[in-house]
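Please treat every number below as a calculation from the coordinates, not as lab data. These figures come from a predicted structure and were not determined experimentally. Here the Cβ is made from the backbone with ideal geometry for all residues, glycine too, and neighbour counts use every protein chain on show.
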Amino acid sequence: CTPKNSDSIEERYQKMKTVASTYNIMQVGFCFFHEQDDGSFLGTPFNFFVFPGENSGQTIQMGASTAAFHRKNCMNFNEWIYFGVPFVKCSKFDEDVEKVNAAQEDDGSKDSKKRLSISNKKDKDFIAFVLKRLDSWIEEKRGGGK
């Protein structure tokens, strides 16, 4: 299941899909390319850690050789755990949406256009923390950061 340089795009996709389906993803990256005036392209990469949300139902496990590889390559496990963007798998998300929709139908609130109000202190703190980190990240990418 190891990708090879000789693989076609489809073969590589299938192999990487298997890896992503079998193991927890730790980091996501995007690279945007902008055409320059001279016709060349400039790539701008963006990476961020992802960590299963506490209600995702996922188990985190890692083989010793995998942990050793990450340690040798200076993986910051604290940043991954504390600052990784929480996520749930699509199937869990769909299940949760169905539960919310069923609850709204039961209490008659499905069609109401109520504004979402965050009242839980933990949720408010989390949102403030994420927005602060996002602002710092944007500022750093614009060249005004550290």
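Normalised by the number of residues in the chain, the average gap of Cα pairs under 8 Å and 6 or more apart makes the relative contact order 15 percent.
So what is Rg over Rh here for the chain, counting just Cα atoms and using Kirkwood for Rh?
Numbers: Rg = 20.3 Å, Rh = 19.5 Å.
Here the Rg-to-Rh quotient is 1.04.
For the range 1-78, dividing the convex hull volume of the Cα atoms by the residue count gives 169 Å³ per residue. Taking the Cα centre of the chain as origin and assigning +1 to Lys and Arg Cβ atoms and -1 to Asp and Glu Cβ atoms, the resulting dipole is close to 540 debye. Along the positive direction of the dipole of the chain (beta-carbon charges: Lys, Arg +1; Asp, Glu -1; about the Cα centre), which of Tyr13, Ala67, Leu131 reaches farthest? So the residue furthest toward the plus end is Ala67.
For the pair Ile118 and Val50, the difference between a 0.36 nm per residue extended length and the Cα-Cα distance amounts to 22.1 nm. Here each label is just a point 7 Å from Cα along the line to Cβ, and for Asn101 and Lys15 those points are 3.9 nm apart.
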